[in-house]
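The values are calculated or read from the model by the stated rules, or taken from the named source; none is laboratory data. Keep in mind that what you see is a predicted model, and the values were worked out from it rather than measured. Cβ atoms come from the backbone with ideal geometry, glycine included; neighbour counts cover every protein chain shown. In case anyone asks, the SASA skips ligands and DNA or RNA and just uses the protein heavy atoms, side chains included. Shrake-Rupley method; radii C 1.70, N 1.55, O 1.52, S 1.80 Å.
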Amino acid sequence: MLVDLDYFFAQAEEVRNPSIRDKPVVVCVYSGRTADSGAVSTANYLARKYGVKSGMPIFMAKSKLESVDSIFLPVDHEYYDAVSDRIMVLLRRYTDVFEQVGIDEAYLDVSHRVDEDFAKGELLAQQIKREITRTEHLTCSVGIGPNKLVAKIAADIRKPDGLTVVKPEQMREFLAPLPIGSLLGVGKKTEKRMLSLGIRTVGDLSRFDVQTLSSVFGKNGAAYFHNASMGIDEEPVKEAGETESISRIATLKENTRDLQVVVDKAYALCADVHSDVLKRGLVFRSVTVLAVMADMSVRNKSLSLGGGTSDIGVFKSTVKDLLSKLLKESDQPIRRVGVKIAQLSKTEVAQERLTKFLETP
Ligand code: TTP
Ligand code: MG
């Protein structure tokens, strides 16, 4: 199963400000050179109707939306990261093997979970979609297939809020009519070469002479494309070795230099981070606190712990010490406070469970 959040950054912006929902929303990376220099990160589907796309220069998006009441916002990675983190924790609970492949995308190998039954898989996907909507007010698109390749294409084919199931016996029929560019691994350049060979659809590719394919793309390339065109893909869903970090940040009711007020807020964040740690069977080796000061400057302080721990007491007392030091190093009041743990790894118990699972045929 591939789960991909719809127009993620723009949808996240709609969630925290629902009043922009019925307008074109464009999230931008401003380069800062001139007021409108930079590129579009993503846009909601309404903006896409006007031709706005990821990667497009901001001035071009503005000209496409010239006569429309539309919203342009700068990217807020901290916020999207926090939303993404929470959703990844949620998704992980639904699967035995989990592979996050982007900020808003993950593969779930649910074969065992659903007894290899695609109808059960579909129900599970509906449940996941409902939970993401209930907890985060976000929609996603899900593709289910016999392997990663097909799941990915299935997720892309119906968006937003899509759910597409492709059973093994439907695979050929599903893939054949698709434009060649929709196959994983066929970028703009390869697409051009395929078209020049008369290959317009995935079906065309599956019927194409492998020898000729080899002479153009090499033996390995030809083998990959030939297999992919028939939906053959043996890549397992892989657990990423280590998550880099888990973090949370929040804005204080008012700017303050009162340690206790800041610590209280930080402790709530610690509890939140810590529940992820427990759910995912992790230990952490470093703790960081972060503060956005009243003048908008950002400060942080970190401590490396001796060994790995999942102890909330250690976490909280470290956060308190670090915040107290941080306050002493500045005369600014604090506006936002954040906590982060890093150098994560699986606890031995979780590691053992994973190994056992991997060994089960
Ligand atoms: P995508 O999943 O590719 O796009 P999306 O979620 O915006 O839209 P879709 O509904 O088609 O899935 O990328 C996830 C996020 O990554 C996206 O919200 C913003 C960011 N991004 C960029 O910053 N630049 C880019 O060129 C792309 C493609 C994505
Ligand atoms: Mg997406």
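Summary table
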read-out	value
Members of region 15-27 found to be surrounded by 16 or more Cβ atoms within 10 Å (Cβ to Cβ) and either within 14 Å of ligand 2 (Cβ to nearest atom) or basic (Lys, Arg) (or both), listed by number	Lys23, Val27
All positions within region 76-128 that are touching a residue at least 40 places away in the same chain (Cβ under 8 Å), open to solvent by less than 40 Å² (accessible area, probe 1.4 Å) and more than 21 Å from Glu244 (Cα to Cα)	Val110, Gly121, Leu124, Ala125, Ile128
Candidates Gly203, Gly185 - the one that is closer than 17 Å to His226 by Cβ, small (Gly, Ala, Ser) and open to solvent by less than 30 Å² (accessible area, probe 1.4 Å)	Gly203
Residues of region 144-166 that turn out to be of a type outside the set (Asp, Glu) and in a helix (DSSP H, G or I), as a count	9
Candidates Asp115, Asp96, Asp109, Asp76, filtered to the one that is at positive phi and more than 16 Å from ligand 2 (Cβ to nearest atom)	Asp115
Ser297 being farther than 27 Å from Asp96 by Cα, within 30 Å of the chain's Cα centre (by Cα) and among the small types (Gly, Ala, Ser)	yes
Matching option when the condition is at pLDDT 90 or above and under 24 Å from the mean Cα position of the chain (by Cα), among Val319, Val287	Val287
Residues that are at pLDDT 95 or above, within 21 Å of His77 (Cα to Cα) and either away from ligand 1 (no atom under 15 Å from the Cβ) or open to solvent by 40 Å² or more (accessible area, probe 1.4 Å) (or both), drawn from region 33-46	Tyr45
The listed residue being at pLDDT 95 or above and over 19 Å from Thr139 (Cβ atoms), out of Lys49, Lys23, Lys62	Lys62
Every pair of residues 6+ apart whose Cβ atoms lie under 8 Å, when the first sits in region 213-240 and is closer than 19 Å to Pro146 by Cβ and open to solvent by 40 Å² or more (accessible area, probe 1.4 Å) while the second is of a type in the set (Phe, Trp, Tyr) and assigned to a loop (DSSP other than H, G, I, E, B)	His226/Phe208
The one condition in (1) modelled with pLDDT under 95; (2) part of a strand (DSSP E or B); (3) open to solvent by less than 70 Å² (accessible area, probe 1.4 Å) that Asp276 fails to fulfil	(2)
Residues within region 51-61 that are closer than 24 Å to Pro18 by Cα, more than 16 Å from ligand 2 (Cβ to nearest atom) and surrounded by fewer than 18 Cβ atoms within 10 Å (Cβ to Cβ), tallied	1
Residues that are outside any strand (DSSP E or B) and closer than 9 Å to Arg336 by Cα, drawn from region 284-295	Ala294
Region 167-190, residues that are in a loop (DSSP other than H, G, I, E, B) and either touching a residue at least 40 places away in the same chain (Cβ under 8 Å) or in contact with a Ser or Thr (Cβ under 7 Å, 6 or more places away or on another chain) (or both)	Lys167, Ala176, Pro177, Leu178, Leu183, Leu184, Gly185
Test: residue in region 3-13 that is within 8 Å of ligand 1 (Cβ to nearest atom), crowded, with 16+ Cβ neighbours inside 10 Å and on the phi > 0 side of the Ramachandran plot	yes
Condition met for Tyr30 (under 29 Å from Gln127 (Cβ atoms), within 13 Å of ligand 1 (Cβ to nearest atom) and open to solvent by 10 Å² or more (accessible area, probe 1.4 Å))	no
